[in-house]
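Peer 1: Before anything else, here's the structure in question.
The values are calculated or read from the model by the stated rules, or taken from the named source; none is laboratory data. This one's a predicted model, so the numbers in the text were calculated from it and none came from an experiment. Quick reminder, even Gly has a Cβ in these numbers, built from the backbone with ideal geometry, and neighbours come from all protein chains shown.
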Amino acid sequence: MTDRQQTYGQRNPGIPGRDELPGLLQDCLAGRRSAQKTLYEAYAPFVLGIIKRYLYNQAGADEILNDAFFRIFTRIDQYAFKGSFEGWMRKIVINLVTDHLRQNIKHERIIHDKVEEYNVYVDDSVSKLSYKELLALIHQLPDTQKAVFNLYVFEDCSHKEIGEYLSITENNSRWYLNDARKRLKEKINNNM
């Protein structure tokens, strides 16, 4: 199993199966602390993995982790068993992370009306990087580029959705993504 699979969203043995999840969620809804603890212990690595793609510092990640589970527990009645529970939690976590980034990113007041599309070709050197090395390079990006890159690549968000999350225009989202790709290519080439 790769580092990414261990850290990012792979089922661990403590995650309840489909048959057990409705009962566990009902117990959480009823306020049973033991059920909340079970849910937290089962899904905290999954949730923290999402958060750490955006935030490098542990204190900020822990704060958002706690906020995420508070929101999950207080809104668990809104989960309608349509789609995966992990997907429902992911949406909550992404909203919290982007709220945090929106508050903490110093937005450049530059409006990028014309966005040049860059076809960034990264040779085989990227395949020689471990997931942790690649993640460390992504964390070296400026906050806005990092957020746009993560939302686009890992969360499969459109530029319109990214713009809504971060309060930037679609063109700015495209510009930040292209800039992130260029910077990553430079960092990868410099590391090889």
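Peer 1: Of all the residues that make up the stretch 20-70, how many are assigned to a loop (DSSP other than H, G, I, E, B), among the aliphatic types (A, V, I, L, M) and buried (at least 17 other Cβ atoms within 10 Å of the Cβ)? Show your work before the answer.
Peer 2: Going residue by residue through the stretch 20-70, those that are assigned to a loop (DSSP other than H, G, I, E, B) are 20, 30-32, 53-57.
Still in the list and also among the aliphatic types (A, V, I, L, M): 30, 55.
From the residues that got through so far, the ones that are buried (at least 17 other Cβ atoms within 10 Å of the Cβ) too are 55.
So the answer is 1.
Peer 1: In the stretch 71-90, is there at least one residue being among the small types (Gly, Ala, Ser), surrounded by 18 or more Cβ atoms within 10 Å (Cβ to Cβ) and either modelled with pLDDT of 95 or more or in a helix (DSSP H, G or I) (or both)? Quick ask: steps written out before the conclusion?
Peer 2: Kept after step one, since they are among the small types (Gly, Ala, Ser), are these residues of the stretch 71-90: 80, 83-84, 87.
Checking the rest, the ones that are also surrounded by 18 or more Cβ atoms within 10 Å (Cβ to Cβ) come to none.
Looking for residues that are among the small types (Gly, Ala, Ser), surrounded by 18 or more Cβ atoms within 10 Å (Cβ to Cβ) and either modelled with pLDDT of 95 or more or in a helix (DSSP H, G or I) (or both), one finds none in the stretch 71-90, hence no.
Peer 1: Could you please give the count of residues in the stretch 142-162 that are in a helix (DSSP H, G or I) and either surrounded by 19 or more Cβ atoms within 10 Å (Cβ to Cβ) or assigned by TED's automatic domain parsing to the domain that holds VAL47 (or both)? Give the steps one after another, and end with the answer.
Peer 2: Quick first cut of the stretch 142-162, residues in a helix (DSSP H, G or I) only: 143-153, 159-162.
Then keep just the ones that are either surrounded by 19 or more Cβ atoms within 10 Å (Cβ to Cβ) or assigned by TED's automatic domain parsing to the domain that holds VAL47 (or both); that gives 144-152, 159, 162.
The qualifying residues number 11.
Peer 1: Take the residues of the stretch 91-103 that are among the polar types (S, T, N, Q) and surrounded by 11 or more Cβ atoms within 10 Å (Cβ to Cβ): which is modelled with the lowest pLDDT? Before the answer, list the steps.
Peer 2: We begin by selecting, within the stretch 91-103, every residue among the polar types (S, T, N, Q); these are 95, 98, 103.
Then keep just the ones that are surrounded by 11 or more Cβ atoms within 10 Å (Cβ to Cβ); that gives 95, 98.
On the way: ASN95: 92, THR98: 89.
If we take residues in the stretch 91-103 being among the polar types (S, T, N, Q) and surrounded by 11 or more Cβ atoms within 10 Å (Cβ to Cβ), then THR98 is modelled with the lowest pLDDT.
Peer 1: Further question on the same structure: State which residue pairs qualify: first residue not assigned by TED's automatic domain parsing to the domain that holds THR144 and inside the stretch 54-65, second residue assigned to a loop (DSSP other than H, G, I, E, B) and not β-branched (Val, Ile, Thr) in any location, beta carbons under 7 Å apart, and separation of 6 or more residues or different chains.
Peer 2: Listed pairs, sorted by first residue: ALA61/LEU55; ILE64/LEU55.
Peer 1: Same structure, new question: Here are some residues: ILE138, ILE168. Which one is in contact with a Leu (Cβ under 9 Å, 6 or more places away or on another chain) and of a type in the set (A, V, I, L, M)?
Peer 2: Unique residue meeting the criteria: ILE138.
Peer 1: Quick check, is ALA42 at pLDDT 70 or above, more than 21 Å from LYS82 (Cβ to Cβ) and in the same structural domain as LYS82 (by TED's automatic domain parsing)? Please lay out each step first, then the result.
Peer 2: Numbers: at pLDDT 70 or above: yes; more than 21 Å from LYS82 (Cβ to Cβ): no; in the same structural domain as LYS82 (by TED's automatic domain parsing): yes.
So ALA42 fails the test.
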